[in-house]
Amino acid sequence: MSKVISISNAQIYQQDKLILKNVWLDLEATEFAYLIGKTGSGKSSLLKTIYGELFLKEGEGMVSGYNLRRITKKEVPFLRRKIGIVFQDFQLLTDRSVIQNLYFVLGATGWTDKELIHKRALSCLQLVGIEQKANSMPHTLSGGEQQRVSIARALLNKPELILADEPTGNLDPETSEEIMQLLIAVAKEENTAILMATHDMQMVQKFPGRVLKVVDGEVKEL
């Protein structure tokens, strides 16, 4: 099976500060893994390195066929087309409707045919069960609905990998559970790997997966 993430002996820096050392991380094509650890332990820095926000200066790293040591700023948007990102705070554009949020992302990632853009946006909203809210404004949606929209947005370019950064962090327990079930089901349906940063241990126990823990500046398999 092919690997979507392969990182070896990586040192991860924020500016000049070493955040994580000796990182070894492999994720297979359809694998589901948690990244756990205290707030400030370096989970987000690792995710940012994977999606090209932080450049890898030491060690080796391949993500969806892109070399993290050699990637240029111009190539980062192409890497991000292969990755869907789900944030804790949804990050929807508040000045446009749900479906226009998705149009925007498709346009920004190189789609030009209006009919295909509409079709893809609608099918992703259907996949997460929120197509009936396509023309609603984000502020009229509940937190769970907004997170469904952000999962739909993450799926637009048929990514090989979804990075979820505390996706249930702003949701109540019941909604969190729905979102987890949805993420896992969608990943199966779309053959997508998921790496999910969380500190919600109840979710980890309820929905078993591989667990990687960030502790003392290192990533350890539990």
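How big is the Cα convex hull of the range 51-127 in projection, averaged over all directions, in nm²?
Its Cα hull, projected and averaged over all orientations, spans 6.5 nm².
Centre-to-centre, using Cα atoms only, the range 154-222 and the range 48-86 are separated by 20 Å.
Near Lys213, which aspartates and glutamates are there with a Cα under 16 Å away, not counting those fewer than 8 places off in the same chain? Hits, sequence-local ones excluded: Asp26, Asp165, Glu166, Asp200, Glu221. Put a plus charge on the Cβ of each Lys and Arg, a minus charge on the Cβ of each Asp and Glu, and nothing anywhere else: the dipole of the chain about its Cα centre is then about 680 debye. Our coupling estimate for the range 125-141, obtained by passing each phi through the Karplus curve with A = 6.51, B = -1.76, C = 1.60 and θ = phi - 60°, is 5, 5, 4, 9, x, 9, 4, 5, 9, 3, 9, 7, 8, x, 5, 8, 9 Hz, Gly and Pro reported as x.
Within the same chain, lysines fewer than 8 places from Lys82 are excluded, and of the rest, those with a Cα less than 18 Å from its Cα are Lys3, Lys48, Lys73, Lys74, Lys158, Lys188. Every pair of different Cα atoms in the range 99-176 enters the Kirkwood calculation, which places the hydrodynamic radius at 13.0 Å.
Computed 3J(HN,Hα) for the range 17-25, one whole-Hz value per residue from the Karplus formula 6.51 cos²θ - 1.76 cosθ + 1.60 where θ = phi - 60°, is 8, 6, 9, 10, 10, 6, 7, 10, 8, glycine and proline marked x.
How long are the semi-axes of the ellipsoid equivalent to the chain, from square roots of 5 times the Cα gyration tensor eigenvalues, in whole Å, largest first? Don't skip to the answer; put the middle values down first.
Working: eigenvalues 159, 85, 46 Å².
One finds semi-axes of 28, 21, 15 Å for the chain.
Hey, got a sec? Which GluC sites (Glu not before Pro) in the range 21-109 land in a DSSP loop and have at most 13 other Cβ atoms within 10 Å? Of the GluC sites (Glu not before Pro), the ones in loops of the range 21-109 whose Cβ has at most 13 other Cβ atoms within 10 Å are Glu53, Glu75.
The residues Lys48, Lys38, when put in order of fewest to most other Cβ atoms within 10 Å, stand as Lys38, Lys48.
Count charges around Glu221 for me, please; just the other residues with Cβ under 9 Å from its Cβ, Lys/Arg as +1, Asp/Glu as -1. With Lys, Arg at +1 and Asp, Glu at -1, the net is +3. Taking amide H atoms as placed 1.01 Å from N in the peptide plane, the amide H of Leu68 lies under 5 Å from those of Gly61, Met62, Val63, each 5 or more residues away in sequence or on another chain.
Values in this text are rule-based calculations from the coordinates and carry no lab data. Note that this is a predicted model, so its numbers are computed, not measured. Virtual Cβ from ideal backbone geometry, glycine too; neighbours counted across all protein chains shown.
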